[in-house]
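Structure first, commentary second.
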Amino acid sequence: MAAIEDMPEPDSPEHGVRLPLEEAAWLYQADQVCPEDLPMTAAQALAVGVDTPTLCELAGLPRHADPRDIRDTFEQALAELGIALPDYRLAQRYALRWLATRFTAGEATLAELASDEWLEIEVETVEEQAFVALLPPCACCIEYTLGFDEAAWEAQLRIAARALVSHPTVGPGI
């Protein structure tokens with residue numbers, strides 16, 4: 001991750017341009033971005049004024065290109081921009097907060113929250129622990145384990161998600 005003193009000021013145009021690429025780097029490192037989506041991320045960065053040779057190359061790759069080529073090109077584009085990939089464990093914690101943010105905004109369904117990948121995450125805060133503790137390991141477990149209490153579980157999950165979102169601890173720009 002870039003050093004704090006190297007980060008653009010929050011109100012600067014450069015901050016608005018870099019932040020989506022930094023977020024993509026964090027989510028990529030946490031395995032939350034599909035390689036086929038990275039060319040579009042690059043194209044969006046180009047559209048707002050970020051321009052490096054490798055970013056142009058990435059934006060020109062088709063969605064069905066070899067995922068290894070897409071990954072390599074994405075990582076090279078990040079390096080050209082001075083955006084370092086974060087530690088995997090920190091990236092996972094950021095992705096957890098990103099998931100909670102999407103859920104509180106109504107952008108993620110209950111079924112999307114269900115995944116056994118969150119059972120292995122090393123949480124560090126009470127808010128992270130509370131949110132993870134409520135996540136089922138798979139979509140079928142929602143109905144199987146909760147039955148008629150699904151509404152109560154969803155309400156608890158929303159409370160935990162809001163608490164997590166209100167206490168950011170890791171991520172780009174923080």
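Zone of R68 (label point 7 Å along Cα→Cβ, backbone N under 19 Å): which residues in the stretch 29-53?
Backbone N within reach: 34-39.
For the stretch 64-138, just run the numbers: alpha carbon Rg, then divide by 2.2 N^0.38 Å, N being how many residues it has.
1.34
In square nanometres, what is one fourth of the surface area of the convex hull spanned by the alpha carbons of the stretch 23-107?
On the way: hull surface 22.9 nm².
Over every viewing direction, the Cα hull of the stretch 23-107 projects on average to 5.7 nm².
Taking the alpha carbon gyration tensor of the stretch 19-174, what are the square roots of 5 times its eigenvalues, largest first, to the nearest whole Å? Before the final figure, lay out the partial values.
Numbers: eigenvalues 210, 54, 34 Å².
With the √(5λ) rule applied to the stretch 19-174, the semi-axes are 32, 16, 13 Å.
Would you kindly state how much longer the chain becomes between E150 and D37 on full extension, computed as 0.36 nm times their sequence separation minus their alpha carbon distance, in nm to one decimal? Don't skip to the end; give the middle numbers.
Numbers: separation 113, 0.36 × 113 = 40.68 nm, distance 3.27 nm.
Fully extending the segment from E150 to D37 adds 37.4 nm.
Values in this text are rule-based calculations from the coordinates and carry no lab data. What you see is a predicted model, and the numbers here were worked out from it, not measured in a lab. Here Cβ is always computed from backbone atoms with ideal geometry, including for glycine, and neighbour counts include all displayed protein chains.
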